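Please read the structure below before turning to the comments.
The values are calculated or read from the model by the stated rules, or taken from the named source; none is laboratory data. Source: prediction; values computed, not measured. Neighbour counts are summed over all protein chains in view; Cβ atoms, including those assigned to glycine, are modelled from backbone coordinates with ideal geometry. Ligands, DNA and RNA are excluded from the accessible area calculation, which covers all protein heavy atoms including side chains. Shrake-Rupley method; radii C 1.70, N 1.55, O 1.52, S 1.80 Å.
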Amino acid sequence: MSVFYQSTPRVPVTYENYLHLRYPSDPVISPDGKQAAFVVMMREPDSTKWRRRIWLTSTSDGEPCQWTREERNEREPRWSPDGTQLAFVGEENGKFQLFVRSLDSEHSRRVCTLPGGVSDISWSPDGKRLAFISPDQQEKTSDPIVLGPGPVRRLWTVQVESDQPAPVTPDGVSVWEYRWSPAGQSFALYFSYGSDETDWYNGQVGIVSTLGGMVGQITQLTRQASSLAWSPDSQQIAYISGEWSDPDQGGGDIYVVPAVGGEPRNLTPGIDASPNWCRWLPDGERLLFLAIHGVTCQLGIVHTLDGTVDILDQDFTVDVYSARLAVSDDLRQCVTVHSTSQQPPDVWHGELINGEAHNKEIRWRRLSRLNTLAEETFALSPNRRLRYPGADAWLIDALFTPPLNYQGEGLPPLYVDVHGGPSGASLDSWYPSAQILASAGYAVLRPNMRGSWGHGVAFADAVLGDMGGKDFQDIIHGIDFLIEQGLVDAGRIAIGGWSNGGFLSAWAITQTGRFKAAMVGAGITDWHNMHAQTNIANADVRLLKANPLENPDAYRRCSPLTYAGNVTTPTLIVHGENDPAVPVAQAYAFYRALREVEVPVECVIYPREGHGLSEPEHNRDYYKRLLAWLDRYV
């Protein structure tokens with residue numbers, strides 16, 4: 001006799017579902033490759049805020065477990081060189097301070113306290129010191145907001161058994177990224193001589209003694225750099241460089257420069273991908289790298305002698321804005337966070353096989369399963385990878401998420417979700433917004449228009465000086481492609497996005513009336529005002545290839561506000577009250593303009609929020625408003 005069990009029906013996705021998920025980040029592997037530590041973010045019961053705790057797992061067997069239990073947020077777990085301790089930063093009185101804990105202890109020890117808090121922590125190769133970055137911050141003594149240079153981001157070190165940190169870099173030098181040399185005698189830095197956030201765009205690579213002193217500049221960069229890596233013999237420094245819209249994240253080309261200074265060598269000119277992380281292999285002749293390629297990621301090895309590239313994995317997606325691997329000492333093992341449209345993010349372990357001399361393959365294995373309920377009960381719509389001809393017949397990659405069980409008449413409505421940046425990309429990974437919209441009956445298009453990462457420097461640079469030009473045309477071509485394929489209703493199309501996606505959504509509705517609704521999230525609508533108020537004023541100068549004092553017409557020409565009189569599309573404007581990058585005045589200005597031309601418009605300002613929404617209640621409100629707006633007008 002056969003027995004049949006009825007499985008639990010899968011449920012459509014709403015934002016409420018996502019409130020109960022656990023999200024891993026920042027995994028690090030122990031030096032011997034036997035354990036991994038990572039951060040888990042989750043919303044605790046009866047709480048309106050997210051909590052971050054550190055977890056541990058074996059890389060061979062066993063279940064991950066929560067390692068820290070203090071009532072504070074924690075992040076940046078870092079293994080000591082001997083693998084017996086973890087350093088991390090924990091929140092106290094609104095600042096993150098430095099802690100150390102032995103694996104065989106149940107208690108952590110605060111190493112030191114700085115007024116500005118600490119970040120970017122790392123151990124010295126001998127395990128005796130810890131380095132970190134801390135802003136020079138004086139206690140506020142008066143009420144007024146006084147504009148002036150920001151605090152210097154200084155590099156510090158502290159003896160692990162001491163509580164007295166020592167500064168490494170001098171006044172006037174801000175450190176944005178650093179790396180210990182293999183012998184622990186020097187730091188490689190990406191630094192700037194200005195202290196404002198916007199000075200990151202004008203940084204250089206330099207060297208400084210770990211004992212402190214003057215910084216020796218070894219490059220003459222005209223673009224930004226990241227992912228610094230010393231060669232095993234300390235003679236060379238590798239880095240990735242490109243022109244990027246946002247600090248501390250970027251994909252470009254891989255360069256190598258002598259540690260004493262000299263002409264950098266581009267190892268990847270013309271590569272059809274966007275490397276954004278690299279590390280030297282022990283032989284000192286090859287670099288392991290991670291790159292965004294199309295709508296996914298690839299892992300490869302580049303040979304420093306001739307630039308030959310060997311691809312280890314062509315399709316393994318990691319988070320686009322924190323895309324990196326954490327590697328064991330011998331670089332045979334790594335950990336990262338991986339997801340798909342059908343599987344929430346988890347920690348994965350990779351093993352390089354086929355021997356050190358001919359590493360041609362990587363074998364992946366999942367280490368955590370943090371959201372089994374979601375995997376087994378959510379009704380999820382699978383992404384379809386598209387490639388279509390954009391402006392000038394350039395091939396554009398995109399993701400199409402069809403609606404889940406669409407029951408309406410005719411073809412489904414379309415929501416065009418434009419990613420931020422423009423330095424960035426939409427990847428074929430876990431993306432709640434698309435699933436929420438698909439569950440509500442909308443098809444979703446996420447195009448990687450020119451300006452995105454994924455097809456090399458030339459493709460990413462094509463947007464510079466042409467914001468709202470052919471990048472916008474690439475989006476329109478994607479919409480037309482879906483219509484020609486018979487996938488969506490040509491008469492029911494909406495557009496929306498955040499940051500650069502908000503700018504392009506605002507721009508789109510000033511250029512055409514084909515959109516039935518729009519959502520402008522933290523979007524730039526007036527480049528002049530953006531330059532005046534943002535904390536990254538160098539961004540617009542580089543994106544527009546113009547200075548507002550010398551070429552004000554370029555700023556006016558590229559501003560959606562200039563053409564707001566053309567808008568007929570009902571528009572939902574969403575913004576964080578404390579957004580430092582795209583100040584909230586952008587939202588007020590566009591709202592006022594649309595009110596004056598009598599276009600249906602709603603402007604929602606979320607208190608305490610910055611460049612994006614973090615509080616669960618604000619996200620719940622946002623999705624409720626967005627779906628109501630689309631249902632009303634699309």
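Quick one: in segment 482-607, what % of C-alpha pairs are over 23 Å apart?
Numbers: 2408 of 7875 pairs.
I get 31 percent for the Cα pairs in segment 482-607 exceeding 23 Å.
For the pairs Lys516/Lys624; Lys516/Lys545; Lys49/Lys95, flag any whose C-alpha to C-alpha distance is greater than 22 Å. Can you show the working numbers first?
Values: Lys516/Lys624 18 Å; Lys516/Lys545 33 Å; Lys49/Lys95 17 Å.
Check vs 22 Å cut-off fails for Lys516/Lys545.
Among Ser322, Leu482, Leu411, which residue has its Cα positioned farthest towards the positive end of the charge dipole of the chain, with +1 placed on the Cβ of Lys and Arg, -1 on the Cβ of Asp and Glu, and the dipole taken about the Cα centre?
Leu411
Separation of segment 590-622 and segment 90-138 by C-alpha centroid, Å?
Using only Cα atoms, the two centres lie 37 Å from each other.
Whole-Hz Karplus ³J(HN,Hα) for segment 499-506, in order, using 6.51 cos²θ - 1.76 cosθ + 1.60 and θ = phi - 60°, x for Gly and Pro?
Whole-Hz 3J(HN,Hα) from phi for segment 499-506: 6, 4, x, x, 4, 5, 5, 5.
Expressed in whole Å with the largest first, what are the equivalent ellipsoid semi-axes of segment 380-633 derived from the C-alpha gyration tensor as the square root of 5 times each eigenvalue?
Working: eigenvalues 140, 94, 58 Å².
Rounded to whole Å, the semi-axes are 26, 22, 17.
HN-Hα J couplings of segment 207-224 from phi, Karplus 6.51/-1.76/1.60, θ = phi - 60°, integer Hz, Gly and Pro as x?
So the Karplus estimates, Gly and Pro as x, are 10, 9, 5, 5, 7, x, x, 6, 8, x, 6, 10, 10, 10, 5, 10, 10, 8 Hz.
If the cut-off is 23 Å between C-alpha atoms, which lysines fall inside it for Lys128, apart from same-chain ones fewer than 8 positions away?
Lys34
Note down the magnitude of the dipole of segment 380-633 about its Cα centre, charges +1 on Lys and Arg C-beta and -1 on Asp and Glu C-beta and zero elsewhere, to the nearest 20 debye. List each step's numbers first, then the result.
Values: 20 positive and 26 negative charges, 39 e Å.
I would put it at about 180 debye.
Placing +1 on the Cβ of each Lys and Arg and -1 on the Cβ of each Asp and Glu in the chain, which of Ile436, Ile145, Pro182 has its Cα farthest towards the positive end of the resulting dipole?
With unit charges placed on the Cβ atoms, the residue in question is Ile436.
What is segment 428-511's relative contact order, in percent, from Cα pairs under 8 angstrom and six or more apart in sequence? The partial results should precede the final answer.
Details: 47 pairs, mean separation 15.4, N = 84.
The normalised contact order for segment 428-511 reaches 18 percent.
Give the long-range amide H neighbours of Val318: residues separated by 5 or more places, or on another chain, with amide H under 5 Å away, using H modelled in the peptide plane at 1.01 Å from N.
Cys297
Grab the DSSP H runs of the chain that are 4 residues or longer, score each as -39,500 (n - 2.57), total them, divide by all residues and round the 222 nm result to the nearest 500 deg cm²/dmol.
It lands at -4500 deg cm²/dmol.
Leaving out same-chain residues fewer than 8 places away, which aspartates and glutamates sit with a Cα under 15 Å from that of Lys360?
Cross-link targets: Asp310, Asp313, Asp315, Glu351.
Once you have all Cα-Cα distances for segment 209-325, histogram them in 10 Å bins from zero and send the whole-percent values.
14, 46, 32, 8, 1
Which whole number in µm²/s is D for segment 313-426 by Stokes-Einstein, with the Kirkwood Rh taken over Cα pairs at 25 °C and 0.890 mPa s?
Answer, rounded: 141 µm²/s.
With label points built 7 Å along Cα→Cβ from the Cα atoms of Thr113 and Arg592, find their separation and express it in nm.
So the label points at Thr113 and Arg592 sit 4.5 nm apart.
Amide H to amide H under 5 Å from Asp489: which residues, 5+ apart in sequence or cross-chain, H placed 1.01 Å off N in plane?
Leu414
Size of the dipole of the chain about the Cα centre, Lys and Arg at +1 and Asp and Glu at -1 on the beta carbon, nothing else charged, in debye to 20?
Values: 53 positive and 76 negative charges, 149 e Å.
With Lys and Arg at +1 and Asp and Glu at -1, about 720 debye.
At R0 = 41 Å, how high is the FRET efficiency between Val11 and Ile311 if r is their beta carbon distance? Nearest 0.05 is fine. Walk me through the numbers on the way to the answer.
Numbers: r = 39 Å, r/R0 = 0.95.
So, using R0 = 41 Å, E works out to roughly 0.60.
Could you compute the net charge surrounding Leu487? Neighbours are other residues with a C-beta less than 13 Å from the C-beta of Leu487; K and R count +1, D and E count -1.
-1
What number, in percent, do you get for the relative contact order of the chain if the mean sequence gap of Cα pairs under 8 Å and at least 6 apart is divided by its residue count?
Working: 1609 pairs, mean separation 56.0, N = 634.
Value for the chain: 9 percent.
How much accessible surface area, in Å² rounded to 10, belongs to the heavy atoms of Asp246 with a 1.4 Å probe?
For Asp246, the solvent-accessible surface is approximately 30 Å².
Have a look at Gln343, Ser274, Ala291 and report the one farthest towards the positive end of the charge dipole of segment 272-343, computed about the Cα centre with Cβ charges (Lys/Arg +1, Asp/Glu -1).
Positive-most Cα among the choices belongs to Gln343.
So if we plug the beta-carbon distance of Arg363 and Glu615 into 1/(1 + (r/R0)^6) with R0 = 30 Å, what FRET efficiency do we get, rounded to 0.05? Display every interim value, and only then the final one.
On the way: r = 40 Å, r/R0 = 1.34.
Between Arg363 and Glu615 the formula returns 0.15.
Quick one: pull the percent of accessible area on segment 380-633 belonging to carbon and sulfur, 1.4 Å probe, ligands and nucleic acids left out. All intermediate terms of the calculation are to be shown ahead of the outcome.
Values: 4400 of 9210 Å².
The nonpolar share, carbon plus sulfur, comes to 48 percent.
Using only the alpha-carbon atoms of segment 21-163 as identical scatterers, what base-10 log of I(q)/I(0) does the Debye formula give at q = 0.10, 0.15, 0.17, 0.21 Å⁻¹?
With one equal scatterer per Cα and no solvent, log10 I(q)/I(0) is -0.39, -0.80, -0.98, -1.33.
Residues with beta-carbon under 14 Å from that of Ser245, excluding Ser245: net charge, scoring Lys, Arg +1 and Asp, Glu -1?
Working: positive: Arg223, Arg450, Arg542, Lys545; negative: Glu197, Glu243, Asp246, Asp248, Asp461, Asp466, Asp471, Asp540.
My count for the surroundings of Ser245 gives -4.
Grab the Cα-Cα distance for Glu44 and Asp143, subtract it from 0.36 nm times how many residues apart they are, and report the gain in nm with one decimal.
Taking 0.36 nm per residue and subtracting the Cα distance, the gain is 32.1 nm.
What is segment 366-488's relative contact order, in percent, from Cα pairs under 8 angstrom and six or more apart in sequence? Mind showing how you got there, number by number?
Working: 193 pairs, mean separation 33.6, N = 123.
With pairs under 8 Å counted, the relative contact order is 27 percent.
Report the dimensions of the chain along its three principal axes from the alpha-carbon atoms, largest first, rounded to Å.
Principal-axis extents of the Cα atoms in the chain, largest first: 84, 66, 55 Å.
Send over the semi-axes of segment 382-473's equivalent ellipsoid, whole angstrom and largest first, taken as the square roots of 5 times the C-alpha gyration tensor eigenvalues. Walk me through the numbers on the way to the answer.
On the way: eigenvalues 140, 35, 24 Å².
Computed over segment 382-473, the values are 26, 13, 11 Å.
Can you give me the distance in nm between label points at Glu63 and Ala183, each placed 7 Å from the Cα along the Cα-to-Cβ direction?
Modelled inter-label distance: 4.9 nm.
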